[in-house]
1. Looking at (1) 36, 15, 14; (2) 21, 19, 17; (3) 25, 23, 14, which value of semi-axes √(5λ) of the Cα gyration tensor in Å comes from a calculation on the structure shown?
2. Where Lys and Arg each count +1 and Asp and Glu each count -1, what net charge lies around Thr111 among other residues with Cβ under 9 Å from its Cβ?
3. Leaving ligands, DNA and RNA out of it, report the carbon-plus-sulfur percent of the accessible area of the stretch 61-171 at a 1.4 Å probe.
4. Please give me the summed charge of the neighbours of Lys132: other residues whose Cβ is under 12 Å from its Cβ, Lys and Arg +1, Asp and Glu -1.
5. Quick one: net charge of Lys43's neighbours, Cβ under 10 Å, K/R +1, D/E -1?
6. With a 1.4 Å probe and every protein chain left in place, work out the accessible area per residue of the stretch 1-87 in Å², rounded to a whole number.
7. Could you do me a favour and compute the accessible area per residue for the stretch 89-171, 1.4 Å probe, result in Å²?
8. Of all DSSP beta bridges located in the chain, what percent are antiparallel, nearest 5?
Amino acid sequence: MVIEVDQEIPSGTFKSIPWTPELNSGLVCGTPGIIRTDDWRGKRVVVIGVPGAFTPTCHVNHLPPYLQRYDEFKAKGVDAIYVLAANDPYVMSGWGVSQKLEDKIITLSDTYAEWSEKMGLSSDQTNAGMGKRTARYVLILEDNKVRSIEIEPRGVPELKLTNAETTLSKL
């Protein structure tokens, strides 16, 4: 069952490599730290779920507009923006570096899409050779309660529900 508006998100723990300028060299990997959903209490958070780092739609169409419009999200009271996928923290960090996210959008590793699955937001992409993945979704959270949820239909390259413009309109 898919999580709904006004429901509290399940507890989650993610590995994430904090951005440092040294990562830009490509010769430093960083050390994974832990981010917990409990850290989001009392905050307004946007969570962007994507099927995979470096995949065509995610890499080219989905994530870049969020970075381009970062200041608009902050102006609307968003405390933090996270992007998560079922990739390991090193891949997520490398993707963040390639996208020049720096410390604006934080990459999270939702290992085996476990957290997303608890909310009914995972996707079995075994037939495409990708295994279990996060669905393509966006959550707007306030104090860890869902204020908005949008889920793109699987296999549709056009982003109508989870793009940055639509997400900004929900804030």
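1. Computing semi-axes √(5λ) of the Cα gyration tensor in Å and matching it to (1) 36, 15, 14; (2) 21, 19, 17; (3) 25, 23, 14 gives (2).
2. Values: positive: Lys15; negative: Asp88, Asp110, Glu114.
Overall, the nearby charge balance is -2.
3. Within the stretch 61-171, the accessible surface is 45 percent carbon and sulfur.
4. Details: positive: Arg133; negative: Asp110, Glu114, Glu117, Asp124.
Net charge around Lys132: -3.
5. -2
6. 51 Å²
7. 47 Å²
8. Counting DSSP beta bridges with both partners in the chain, the antiparallel share is about 70 percent.
The values are calculated or read from the model by the stated rules, or taken from the named source; none is laboratory data. These numbers come from a predicted model, not from an experiment. We place every Cβ from the backbone using ideal geometry, glycine too, and count neighbours over all the protein chains shown. Just so you know, the surface numbers come from the protein's heavy atoms only, side chains and all, with ligands and any DNA or RNA stripped out. Shrake-Rupley method; radii C 1.70, N 1.55, O 1.52, S 1.80 Å.
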